[in-house]
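Contents: one structure, followed by commentary.
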Amino acid sequence: MGLFGFGKKKHQSKEALEAAAGENEEAVDEAQEVVALPEPSAEYEGRGDEHGPWDVEDENVPDYDEYLDMGSYYLPFLKGIELRVKANRATQQVLGTTITYGSSSVEIEAFAAPKTFGLWDDVRADLIEANKDAKEVEGVFGTELALPVTVKGGRKVLTRIVGVDGPRWMLRGIFSGKAATDPEGEEAKALNQFFADIVVERGDDPLAPRDLIPMHPPVAPAERKAAKAAAEEAEQKTEIPGKPKGPFDSDQQVEVKTTLSRGPMFSEVR
């Protein structure tokens, strides 16, 4: 798969996104105090303890019940953003998302990584080899790449390519606009924090390193809650009447009432 990926970008209506944000406005306002990201450096310290992007199994992972579920990761809400979902033209498979905020954007993808070591160092080296204009710089997420790219009309724009390694995953963000050119600006800080607040769910499916972690169309918090409630209700309806409650040890005996009659006995003939 290429650096930026290709495919149809499904635009999510602004009204739908605002509605989802509106239903979670109270939860967002009550969120825990944001911990400032570290100063730019060659290494990114504290992921999973003090800073994100987070893994669903991290001890200090924030409450992401009110996040937008994309399958491989959960997106926080930020007032004023626009969400685009990138999908394969032929299969409609979701491949990633792009968040636009003001004149800036960040394209987000989650990849499977080896169990024993991170992926970002190798990916970064490959990008430098393939793009002679790529330059390593220190950033708030550790070493990142400054890469000029040519867009429609032949115009060149500067992008920041960020990679953060987690347990068996790597989250990549491609920042453009003021978020790439003005690191001290409000848009850069807002999208940096947005990226750091993402919660990744790798899942247990066997995936080769650099494979995209499977995604699905966005599921709002209200939809997740409704689906969970429906599943719990269905599970309760399928419970067997009179089923004994466990766990039991070998010394316990339980009488189970049944309407079934005793069947014929069988014996072994030698």
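The values are calculated or read from the model by the stated rules, or taken from the named source; none is laboratory data. Keep in mind it's a predicted model, so treat the numbers as computed, not measured. Ideal geometry is used to build each Cβ from the backbone, glycine not excepted, and the neighbour counts take in all protein chains shown. Just so you know, the surface numbers come from the protein's heavy atoms only, side chains and all, with ligands and any DNA or RNA stripped out. Shrake-Rupley method; radii C 1.70, N 1.55, O 1.52, S 1.80 Å.
Details
- Listed here are the strands (runs of 3 or more DSSP E) enclosed by segment 122-236 that have at least 1 residues being in contact with a Gly (Cβ under 8 Å, 6 or more places away or on another chain), among the hydrophobic types (A, V, I, L, M, F, W, C) and free of Cβ contacts under 8 Å to residues at least 40 places away in the same chain: 156-166.
- The set of residues from segment 55-74 being under 23 Å from Leu95 (Cα atoms), of a type in the set (A, V, I, L, M) and part of a loop (DSSP other than H, G, I, E, B) comprises Val56, Met70.
- Residue in segment 104-118 that is without any contact (Cβ under 8 Å) to a residue 40 or more places away in the chain and surrounded by fewer than 20 Cβ atoms within 10 Å (Cβ to Cβ) present: yes
- Search result, residues across segment 161-197 that are touching a helix residue (DSSP H, G or I) at 6+ places or on another chain (Cβ under 9 Å) and among the polar types (S, T, N, Q): Thr181, Asn192
- As for segment 181-189, it holds at least one residue that is more than 23 Å from the chain's Cα centre (by Cα) and open to solvent by less than 20 Å² (accessible area, probe 1.4 Å).
- Sole exception among (1) touching a helix residue (DSSP H, G or I) at 6+ places or on another chain (Cβ under 7 Å); (2) surrounded by 16 or more Cβ atoms within 10 Å (Cβ to Cβ) for Leu158, by number: (2)
- Residue in segment 76-94 that is farthest from Ala179 (Cα to Cα), counting only those that are open to solvent by 20 Å² or more (accessible area, probe 1.4 Å) and assigned to a strand (DSSP E or B): Arg84
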